[in-house]
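> Would you mind keeping the following structure in view while I ask a few things?
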């Protein structure tokens with residue numbers, strides 16, 4: 001059993017598809033928490049959550065005995081209320097952030113960093129933590145750091161549609177990070193061209209810039225096409241198994257992340273671990289909700305690890 005530190009934000013999501021499907025439930029950092037607890041790991045969560053969500057959150061996490069909550073706080077108000085819309089004509093989801101919690105004060109978690117096997121930082125809102133506070137954490141953490149850029153690439157506005165925007169300061173955020181996760185749209189934002197997805201050569205150039213900041217691996221999620229995994233020495237496309245039944249794609253990148261971390265902790269190399277993560281994420285699209293995410297991880301952790309298809 002490994003010990004992971006997770007920093008992010010709990011959200012209440014309203015998810016809408018153009019075909020009429022709709023879901024409502026908790027989300028954000030809880031996707032990774034659910035999966036890692038399902039795999040049986042100790043999880044130390046640093047997050048803030050709106051007091052209005054307390055009952056729903058407490059009922060959910062009561063069944064996750066390996067979750068430790070020293071850095072978890074409820075704060076006044078509704079918390080992060082998010083509307084997400086998906087459609088075939090959209091390159092990525094559309095998001096409206098209706099309310100938000102204040103940025104996290106990392107002081108309560110600073111003393112726990114030394115015991116961690118890996119630290120995960122996920123930007124679930126883009127308001128999760130201030131850069132100066134994150135730099136304090138990254139400089140002190142002795143363990144590898146996984147960062148998912150995610151909502152940091154969205155305009156910092158509340159109450160209306162959030163456009164993807166250029167993120168020129170991304171190098172300051174990723175300095176000291178070991179594993180950097182982003183989708184194609186988020187890479188485009190870091191390259192300063194949010195209006196279009198990057199070509200392969202542009203992704204390669206982005207990865208080289210990340211390696212110059214001591215990042216050891218860049219993981220670009222490609223949706224149903226899998227993952228492009230780049231290291232200074234090798235690049236591989238890890239293809240996703242075909243999903244015959246799609247219910248909800250929300251959180252699949254989060255589940256990929258958690259499943260990959262799980263296999264890394266078991267001693268797998270990064271390519272093998274990421275292939276496992278892609279397989280588990282492809283199963284997650286047939287599910288909805290964090291309870292099912294926890295059970296998926298719990299069952300998958302008992303199996304012989306499935307293998308994804310890797311291409312150089």
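> Of these, 60, 6, which one is part of a strand (DSSP E or B) and touching a helix residue (DSSP H, G or I) at 6+ places or on another chain (Cβ under 8 Å)?
6 is the lone residue from the list that is part of a strand (DSSP E or B) and touching a helix residue (DSSP H, G or I) at 6+ places or on another chain (Cβ under 8 Å).
> I've got another one for you. Out of the stretch 108-133, which residues are within 30 Å of residue 84 (Cα to Cα) and either touching a helix residue (DSSP H, G or I) at 6+ places or on another chain (Cβ under 7 Å) or part of a strand (DSSP E or B) (or both)?
118, 119, 120, 121, 122, 123, 124, 125, 126, 131
> Are there any pairs, at least 6 apart or on different chains, whose C-beta atoms fall under 9 Å, with the first in the stretch 36-56 and on the phi < 0 side of the Ramachandran plot and surrounded by fewer than 22 Cβ atoms within 10 Å (Cβ to Cβ) and the second in a helix (DSSP H, G or I) and modelled with pLDDT of 95 or more, and if so, which?
Within 9 Å, the pairs are 42/36.
> Residue under question is residue 248, and the condition is that it be part of a loop (DSSP other than H, G, I, E, B), under 18 Å from the mean Cα position of the chain (by Cα) and modelled with pLDDT under 95; does it hold?
Spelling it out, residue 248 is indeed part of a loop (DSSP other than H, G, I, E, B), under 18 Å from the mean Cα position of the chain (by Cα) and modelled with pLDDT under 95.
> Limited to the stretch 215-239, what total is found for residues that are surrounded by fewer than 22 Cβ atoms within 10 Å (Cβ to Cβ) and modelled with pLDDT under 95?
5
> Shifting gears a bit: Go through the stretch 64-92 and give me each residue that's within 18 Å of residue 159 (Cβ to Cβ) and either modelled with pLDDT of 90 or more or surrounded by fewer than 16 Cβ atoms within 10 Å (Cβ to Cβ) (or both).
If the condition is that a residue be within 18 Å of residue 159 (Cβ to Cβ) and either modelled with pLDDT of 90 or more or surrounded by fewer than 16 Cβ atoms within 10 Å (Cβ to Cβ) (or both), then 77, 78, 79, 80, 81, 82, 83 are the ones that fit.
> Oh, and also: Please count how many residues of the stretch 212-240 are farther than 22 Å from residue 256 by Cα and either part of a loop (DSSP other than H, G, I, E, B) or touching a strand residue (DSSP E or B) at 6+ places or on another chain (Cβ under 9 Å) (or both).
Pass one, the stretch 212-240, residues farther than 22 Å from residue 256 by Cα: 212-214, 233.
Going one step further and asking which of them are either part of a loop (DSSP other than H, G, I, E, B) or touching a strand residue (DSSP E or B) at 6+ places or on another chain (Cβ under 9 Å) (or both), we end up with 213-214, 233.
Count: 3.
> Just give me the residues in the stretch 9-42 being in contact with a strand residue (DSSP E or B) (Cβ under 8 Å, 6 or more places away or on another chain), within 18 Å of residue 53 (Cα to Cα) and assigned to a helix (DSSP H, G or I), in sequence order.
Correct list: 30, 33.
> Can you name the residue in the stretch 138-181 that is out of contact with any helix residue (DSSP H, G or I) (no Cβ under 9 Å at 6 or more places or on another chain) and assigned to a loop (DSSP other than H, G, I, E, B) and, of all such residues, is surrounded by the most Cβ atoms within 10 Å (Cβ to Cβ)?
Checking each candidate, the answer is 178.
> Could you please find all residues in the stretch 173-199 being touching a residue at least 24 places away in the same chain (Cβ under 8 Å) and over 25 Å from residue 134 (Cβ atoms)?
197
> Mind checking which residues of the stretch 255-290 are more than 20 Å from residue 29 (Cα to Cα) and part of a helix (DSSP H, G or I)?
270, 271, 272, 273, 275, 276, 279
> So residue 111 clears everything in (1) more than 17 Å from residue 31 (Cα to Cα); (2) at pLDDT below 95; (3) surrounded by 16 or more Cβ atoms within 10 Å (Cβ to Cβ) except one condition, right? Which one?
(3)
> Okay, moving on. Would you check if residue 149 is more than 25 Å from residue 230 (Cβ to Cβ) and touching a residue at least 40 places away in the same chain (Cβ under 8 Å)? Lay out the reasoning, then the answer.
On the way: more than 25 Å from residue 230 (Cβ to Cβ): no; touching a residue at least 40 places away in the same chain (Cβ under 8 Å): yes.
When the stated conditions are applied, residue 149 does not pass them.
> Quick check on the stretch 284-297. Is at least one of its residues farther than 23 Å from residue 15 by Cα, without any contact (Cβ under 8 Å) to a residue 60 or more places away in the chain and surrounded by fewer than 24 Cβ atoms within 10 Å (Cβ to Cβ)?
There is no residue in the stretch 284-297 that is farther than 23 Å from residue 15 by Cα, without any contact (Cβ under 8 Å) to a residue 60 or more places away in the chain and surrounded by fewer than 24 Cβ atoms within 10 Å (Cβ to Cβ).
The values are calculated or read from the model by the stated rules, or taken from the named source; none is laboratory data. Keep in mind the model is a prediction, meaning the values are calculated, not measured. In this analysis, Cβ positions are derived from the backbone assuming ideal geometry, glycine residues included, and neighbour counts consider all displayed protein chains.
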